[in-house]
1. Holding the Cα-Cα limit at 18 Å, pick out from Lys15/Lys36; Lys19/Lys53; Lys53/Lys93; Lys53/Lys84; Lys93/Lys114; Lys14/Lys36 the pairs that are longer than that.
2. If packing is taken as the average number of other Cβ atoms within 10 Å across a peptide's residues, how do 18-25, 62-69, 33-40, 3-10 rank, most packed first?
3. Calculate for the chain the 222 nm mean residue ellipticity that helices alone would give, adding -39,500 (n - 2.57) per DSSP H run of length 4 or more and normalising by residue count, nearest 500 deg cm²/dmol.
4. Between Lys114 and Lys93, what FRET efficiency follows from the Cβ-Cβ distance if R0 is 30 Å, with the result rounded to 0.05?
5. So if each residue of separation counts as 0.36 nm, and I subtract the Cα-Cα distance between Val100 and Leu60, what length gain in nm does that give?
6. Tally Lys/Arg at +1 and Asp/Glu at -1 over every other residue whose Cβ is under 15 Å from the Cβ of Ala96; what's the total?
7. All other residues with a Cβ under 12 Å from the Cβ of Ala113 taken together, and with Lys, Arg as +1 and Asp, Glu as -1, what is their net charge?
8. Rounded to a whole number, what is D in µm²/s for the stretch 12-115 from Stokes-Einstein with the Kirkwood radius over alpha-carbon pairs (37 °C, 0.692 mPa s)?
Amino acid sequence: MPRVKSNVAGHKRKKKIMKLAKGARGGRSKLFKAAKETVERAWRYGYRDRRKKKAEFRQLWIVRINAAARLHDLSYNRFMSGLKAAGVEINRKQLADLAVRDPVAFGELAEVAKKTP
């Protein structure tokens, strides 16, 4: 079986990795082995954190809603259960946005949550 030289494909692979490692410090952007490890680690973090980001945003929304609800003498738990009992279907992202941008509208929702048992 004839020997296959993989110069062209290998060079292309190496160039791709080196281009991706461009922002790294020192040898991590100059030496192929270090650059490859850096890029692969970055891919792992990216994959993990794309999933983690969703949980972090939800956590932020809950903190904002809780802070705004406490201004109206309600805990987050009482506020959310009151809205659910009243049949108000609005997600946490929109509630957090209301709490920050439109406190008057949020106050009206807090009153609705307070009235429901």
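FYI, it's all coordinate maths here, none of it is from the lab. Here the structure is a predicted model, which means the values were calculated and not measured. Here Cβ is always computed from backbone atoms with ideal geometry, including for glycine, and neighbour counts include all displayed protein chains.
1. Details: Lys15/Lys36 11 Å; Lys19/Lys53 26 Å; Lys53/Lys93 14 Å; Lys53/Lys84 26 Å; Lys93/Lys114 21 Å; Lys14/Lys36 9 Å.
Lys19/Lys53; Lys53/Lys84; Lys93/Lys114, as the Cα separations exceed 18 Å there.
2. Details: 18-25: 13.4, 62-69: 18.2, 33-40: 16.2, 3-10: 8.0.
So the peptides 18-25, 62-69, 33-40, 3-10, ranked by packing, come out 62-69, 33-40, 18-25, 3-10.
3. Values: 6 runs with 91 residues, N = 117.
Result for the chain, helices only: -25500 deg cm²/dmol.
4. On the way: r = 23 Å, r/R0 = 0.75.
For R0 = 30 Å, the calculated efficiency reads 0.85.
5. Values: separation 40, 0.36 × 40 = 14.40 nm, distance 1.20 nm.
Using 0.36 nm per residue and subtracting the Cα-Cα distance, I get 13.2 nm.
6. Details: positive: Lys54, Arg58, Arg64, Arg70, Arg92, Lys93, Arg101; negative: Glu56, Asp97, Asp102.
The answer is +4.
7. Values: positive: Arg78, Lys84, Lys114, Lys115; negative: Asp73, Glu108, Glu111.
Overall, the nearby charge balance is +1.
8. Numbers: Rh = 16.7 Å.
Roughly 196 µm²/s, to the nearest whole number.
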